[in-house]
Amino acid sequence: MMIEYNNQVFGLHGEGFSCLLRVNDYGLLEMLHFGAPVSTGDAEAFVCRPGLGWGASVLLKDGDTESCPDVLPLAFSGSGRGDYRESPLCLGGVSTDFRFHSYEILDGIASMEGRLPQAKGNAQTLKIKMIQPGAELTLYFSVFSEVLTRRTVLKNTGEMPVQITKIMSSMMDLPGNFAMTTFDGGWIAEMRKHTVKVTQNRVVNESTTGFSSYRHNPGFLLSEPDATEKSGRVYGFNLIYSGNHYGSAQQSLQGFTRVLQGISPDNFLKELQPGESFESPEAVMAFSDGGFAHLSLKMHRFVNTCIVPEYWQFKERPVLFNNWEGCMFDFDHNRLINLAKDAKELGCELFVLDDGWFGARNDDKAGLGDYTVNKKKLPYGLFELAKKINALGMDFGLWFEPEAVNPDSDLYRAHPDWALTDGFIPITGRNQLHLDLTKPEVRDYIVENVCGILDGAPITYVKWDMNRHSIALGAKAHDYILGLYEVLNRIFTPRPHILLESCSSGGNRFDLGMLCYGPQVWCSDDTDPIERLTIQENLSYLYPQSTFGAHVSAAPHAQTLRDTPLCTRGNVSFFGCLGYELDLKHLLKLEREQIAEQIAFYKKYRAAFQFGTFDRLENGWQVTKEKIALAAVFRKLLPAAPGYETLRLQNLAQEKQYRFSTFAQKLRIGQFGSLIKHVVPVNLDPNGMILRTADRLITMPDGNQRLTASGAALMAGVRLLPLFRGTGYDQNQRTLSDFGSDLYIIEEEETLENT
Ligand code: DGJ
């Protein structure tokens, strides 16, 4: 990567992309190009020549059509001074007109001054200073190997206060026609993908709840009309921020699409006193001309190497057991120990105690804010519990919800003024209020209490939850987020070994800001594998699978009542950080065996599942790491007389030979109902005891395919074993019906011979 300056042109070059900026004769910063790699000397090819001009436009200099800001592609702009497209900056209702002043090229990143997290790693940074009377704007552009980041700092250099009502981290004008893809949803329904055409009407991806929110994930994509998974031009955008975000795209008459990224201006207000500065969060952007898959790969590599804490980069994550869905608030020391024994037997490596271990927390109405261990449930305390679990051979992890307070808590009774209010009668969400993290004494209280617990027991994992989804603070919402980042920093920077998984009723805070502190996020409270196919697949556009907390839970499922086979629950969760979250006590022996096999299998291929190259296939998912690939195909409803199915693998070496085999799965007898009479000599009652007992004791193997073929053939497409089509059962057929799935192991032959 490299940044250079030549004849008023800045060339920012990363792997597979270039960005060219030009300072024009009026000091405006033109965005000449952001896309495929070009050389800085090519700048001339991208300059827009307005010629005789566009009618009815405002010129900075009479008679010079090249001085018309409205028709130029720009990298930042003002308001009220000739560029009438959406402005990235609004200063309390007055015009703004910043012009180029100076620049600096720095090795590495330019560290932020405040408390916002930022990308780290190998980079070069361009710092451009723009000025207008009384204010200075610094634009930072950092080139990481495959990604460009941007942020904006505004300084009040005048003598009067300056009011900021909108300040974007990035603005760019891109030529061409685009569609904008956003990821929207709500509780248990995160990451619904929506794509709309960008025209002269503005398309906005925004959150206004105070948090990044599952209503609209901060990440979005722009793609050209002919872009596909494997070809075409695609841009990816994201923001390293956990508060209200804003992203917009709008095409101009001249054919440029203006893209803005930053903090949502909704209810935003910051007053800068003379000498004070405001720094925006860092925006992330990437380009690929290799379609959505390649764009995702770039984003994955960036998150894995420049966002998640260094300690956890490419470190394999433990298979965890979480007691929430199995117990909710109903547990005690002995029940936890019994669960832990079972979890250990199955192969889990980390036992996580979720909500309900403190204060009067016997349901979700009380206790948040308090940190005293609930002695009725845990008479021996956390230390003894953790030690017992360690003695079983497992690590111990704990749930916290430090940002919230229940009105029914000792904390609220002692400090009602610590709750965040807006002057109206407080309104609760899940019976709770937010603590006012803009107050130093509140931040100290959280840090002291959480650290006290973390240091008082051998805790190696924290689930940091947050279940109230709006901040009653309007303009101060940003200060709350800064307070949160300070708290996270103070707790986790000195304790890098603690694996932090953030959560907000599932994926309500799945963003790059939180990922800077903890490498995992709980994707969704919806662990139904069929729902997870949507959630995890859509997350994969912008986030690597190493960031997905993915658990196997009970069926029928608590959120959908859908009954799915255990193997599909496993196969979906494998493509993330695997965990189990169900009551283990009542598992059948055959389920235990199957779970133990799943965990052993996952551990063997864990590095590939968590850190391999992830591919979205037509009918499933694939991960590839070095000489091993794992691919799953998923079914929703099985049609009658299904045709042959082809699995087109990706990323293999054309000329190498691979062994392709099925991860053996089992069928439950119950799946066949009364049809079982056709394969056993006696006519059994499908509702009778014999068959019901058999269903609990006996399994039948599902189809098992084995072959050897070249990478070229496997990438051209393997014809999979036929699916059940009403003509009987044998092992040359895949017999799992609705919601079934199959998992394949593809290993380079050489690897097998050497092992
Ligand atoms: C919401 C989370 O998403 C759940 O996983 C669980 O931790 C509950 N909170 C506990 O109250």
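Some observations on this one:
- Sorting the segments 601-609, 412-420 by their residues' average number of neighbouring beta-carbon atoms within 10 angstrom, most packed first, yields 601-609, 412-420.
- Long-range HN-HN contacts of LEU582 with modeled amide H, under 5 Å: ASN322, GLY326
- Working note: Cα atoms of the range 4-113, range along each principal axis, descending, whole Å: 42, 37, 21.
- When the charge dipole of the range 600-755 is built from unit charges on Cβ atoms (+1 for Lys and Arg, -1 for Asp and Glu) and taken about the Cα centre, the candidate among PHE611, LEU637, LEU647 whose Cα reaches farthest toward its positive end is LEU637.
- Net length gained if the chain between ARG616 and ASN489 were fully extended (0.36 nm per residue, minus Cα distance): 42.2 nm
- Relative packing of peptides 147-154, 378-385 - highest average C-beta neighbours within 10 Å first: 147-154, 378-385
- From phi via Karplus (6.51, -1.76, 1.60), per-residue ³J(HN,Hα) for the range 322-332 in Hz, x at Gly/Pro: 10, 7, 4, 5, x, 10, 6, 8, 9, 8, 8
- When all alpha carbon pairs of the range 503-638 are counted in 10 Å bins from zero, the resulting P(r) reads 12, 44, 36, 8, 0 %.
- Per-residue HN-Hα couplings for the range 364-379 [Karplus 6.51, -1.76, 1.60; θ = phi - 60°; Hz; x = Gly/Pro]: 8, 9, 9, x, 5, x, 9, 10, 6, 5, 6, 6, 5, 7, 10, x
- Once backbone amide H atoms are built at 1.01 Å from N, TYR658 has ALA709, SER710, GLY711, GLU749 as its partners under 5 Å, excluding neighbours fewer than 5 places away on the same chain.
- The charge dipole of the range 616-748, taken about its Cα centre with unit charges on the Cβ atoms of Lys, Arg (+1), Asp and Glu (-1) only, comes to about 120 debye.
- Zone residues, the range 208-240, relative to GLU15, backbone N less than 20 Å from point 7 Å out along Cα-to-Cβ: 230-238
- The range 493-572 - percent of accessible surface contributed by carbon and sulfur, probe 1.4 Å: 52
- Taking label positions 7 Å along the Cα-Cβ direction at both ASN122 and SER95, the computed distance is 4.7 nm, reported to one decimal.
- Local electrostatic count, HIS13, Cβ distance below 14 Å [Lys/Arg +1, Asp/Glu -1]: -4
- Viscosity 1.306 mPa s, temperature 10 °C, Stokes-Einstein D of the range 1-61 from Kirkwood C-alpha radius, µm²/s: 126
- Convex hull volume per residue, computed on the Cα atoms of the range 373-525, equals 126 Å³.
- Shown is the FRET efficiency for ASP332 and LEU675, computed with R0 = 35 Å from the Cβ-Cβ distance and rounded to the nearest 0.05: 0.20.
- Computed over the chain, Kirkwood Rh from alpha-carbon pairs, angstrom: 27.9
- Full extension of the chain segment joining GLN200 with ILE105 gains 30.6 nm, where the gain is 0.36 nm per residue of separation less the Cα-Cα distance.
- Virtual spin-label span in nm between GLN733 and ASP266, 7 Å along Cα→Cβ: 5.3
- Each residue of the range 717-733 was assigned a 3J(HN,Hα) from its phi angle through the Karplus expression (A = 6.51, B = -1.76, C = 1.60, θ = phi - 60°), giving x, 8, 7, 7, 4, x, 8, 3, 9, x, 10, x, 10, 7, 8, 9, 9 Hz with x at Gly and Pro.
- Restricted to Cα atoms, the range 140-181 shows a radius of gyration and a Dmax of 15.3, 44 angstrom.
- Whole-Å semi-axes of the range 488-534's equivalent ellipsoid (Cα gyration tensor): 25, 10, 8
- Each part gets one Cα centre, and for the range 309-363 versus the range 202-266 those centres are 37 Å apart.
- In this simple spin-label approximation, GLU276 and ARG725 carry label points 7 Å from Cα along the Cα→Cβ vector, and these lie 7.2 nm apart.
- Where N is the number of residues in the range 546-701, Cα Rg divided by 2.2 N^0.38 Å: 1.19
- Label zone of ALA56 (point 7 Å out along Cα→Cβ, amide N under 14 Å): in the range 225-261 this covers 253-254.
- Rounded to the nearest 5, the antiparallel percentage of DSSP beta bridges internal to the chain is 80%.
- Extended-chain gain in nm, criterion 0.36 nm per residue less alpha-carbon gap, LEU482 and ALA600: 38.3 nm
- Cα centroid separation - the range 432-479 against the range 577-614, whole Å: 32
- Using the Cα coordinates of the range 197-243, the gyration tensor eigenvalues translate into equivalent-ellipsoid semi-axes of 24, 14, 8 Å, sorted from longest to shortest.
- By accessible area, using a 1.4 Å probe on protein heavy atoms only, the range 31-96 has 54% of its surface on carbon and sulfur.
- Dividing the helix sum by the residues of the chain, where each DSSP H run of 4 or more adds -39500 (n - 2.57), gives a mean residue ellipticity at 222 nm of -5500 deg cm²/dmol.
- Panel note: the C-alpha atoms of the range 95-214, placed on their principal axes, show extents of 47, 37, 34 Å (largest first).
- Dimensionless Rg/Rh of the range 296-388 - Kirkwood Rh, Rg from C-alpha atoms: 1.10
- Over the range 429-516, accessible surface divided per residue gives 25 Å², non-protein components excluded, 1.4 Å probe.
- Rounded to the nearest 0.05, the FRET efficiency derived from the C-beta distance between ASN6 and GLU626 at R0 = 41 Å is 0.50.
- Computed magnitude of the charge dipole of the range 204-292 (debye, nearest 20; Cβ of K, R +1, Cβ of D, E -1): 160
- When the P(r) is computed for the range 445-568, the part past 20 Å accounts for 52% of the Cα-Cα pairs.
- Placing +1 on the Cβ of every Lys and Arg and -1 on the Cβ of every Asp and Glu, with no other charges, gives the chain a dipole of roughly 1560 debye about its Cα centre.
- Distant-in-sequence amide H partners of GLU282 (H built 1.01 Å from N, under 5 Å): ILE240
- PHE383/ARG192 FRET efficiency (R0 45 Å; Cβ-Cβ; nearest 0.05): 0.55
The values are calculated or read from the model by the stated rules, or taken from the named source; none is laboratory data. Owing to the predicted nature of the structure, the values given are computational and were not obtained by experimental measurement. For neighbour counting, all protein chains shown are included, and Cβ atoms are generated from backbone atoms with ideal geometry for every residue, glycine included. Note: accessible area is taken over every heavy atom of the protein model, side chains too, but ligands, DNA and RNA are not part of it. Shrake-Rupley method; radii C 1.70, N 1.55, O 1.52, S 1.80 Å.
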